[in-house]
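What follows is a short report on a single structure.
The values are calculated or read from the model by the stated rules, or taken from the named source; none is laboratory data. Everything quoted here is computed from the prediction, not taken from an experiment. Every residue, glycine among them, receives a Cβ derived from its backbone with ideal geometry; neighbour counts consider all protein chains shown.
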Amino acid sequence: MARIRLMIVDDHEVVRLGMRAAFELEPDIHVVGEASNGAEALAKISVLMPEVILMDVRMEKMGGIEACREIRSEHPQIAVLMITSYPDDEAVTASILAGASGYLLKNVSRTELLKAVRQVAIGQSLLQPESSQKAITQMNSLASHSTSIPGNDLTEREREVLALIARGYTNKQIAEALYLSEKTARNHVSHILEKLGLSRRSEAAAYAVEHKLTTPRRQNN
């Protein structure tokens, strides 16, 4: 019997150990490896060759949403199952846009976790239809939002913040990454939403992905 090759990505070692223990006695699932962040996961994929990746949403260095986007782009055959500690509609939408096959909370039962991995391994989606429709609606809206040059009204700092929003960063994480106060980061996010005519962070993330604004623009000297 072929075994599902599973990779666990979470920045907490205790969580990774707990998840690994949940799969150890399953004859059809084999944990091929672990990673502590998205960047490490990307570096290990070609060696571990997982079929399913159980990915934490928020991690240092590279969060799960950005990593999911990269993985699905480079390895479309791999199913990514996002997992997080608390419900977040914006993160769900961003995960869908990044290509995730499912979204779970960490308090899910062992039975439900095993079922989820098995389902995405055979190509099924665990995403609710209303969540998928919401993401599609946002993408269509953003695609026709403006005929002007995408992000042209944003300052260099705002583009840096927008790139981090697209990676799933919180205001606190944005502040730490750019050496700002959390209040300043929050103000930048508000200005970005206002300039783009958007109301939610998930919409800004979708806009950044759609218009390839996930890396800061270099200033001309």
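Among the residues of segment 50-77, the ones that are closer than 19 Å to S202 by Cβ and either β-branched (V, I, T) or not in a loop (DSSP other than H, G, I, E, B) (or both) come to 11 in all.
Among the residues making up segment 78-124, those that are within 21 Å of I45 (Cβ to Cβ) and assigned to a loop (DSSP other than H, G, I, E, B) are I78, G99, A100, S101, I122, G123. Across segment 34-49, not a single residue is classified as part of a helix (DSSP H, G or I) and in contact with a Leu (Cβ under 7 Å, 6 or more places away or on another chain).
Taking segment 54-88 as the range and being under 21 Å from R20 (Cα atoms) and basic (K, R) as the test, only R58 passes. Of R218, R167, all but one fail to be charged (D, E, K, R), outside the structural domain of G38 (by TED's automatic domain parsing) and either exposed (fewer than 12 other Cβ atoms within 10 Å of the Cβ) or at pLDDT below 75 (or both); the exception is R218. For A135, the requirement of being modelled with pLDDT under 60 and under 15 Å from the mean Cα position of the chain (by Cα) is met. Against the numbered list (1) hydrophobic (A, V, I, L, M, F, W, C); (2) touching a residue at least 40 places away in the same chain (Cβ under 8 Å); (3) more than 16 Å from R69 (Cβ to Cβ); (4) in contact with a helix residue (DSSP H, G or I) (Cβ under 9 Å, 6 or more places away or on another chain), A121 comes up short only at (4).
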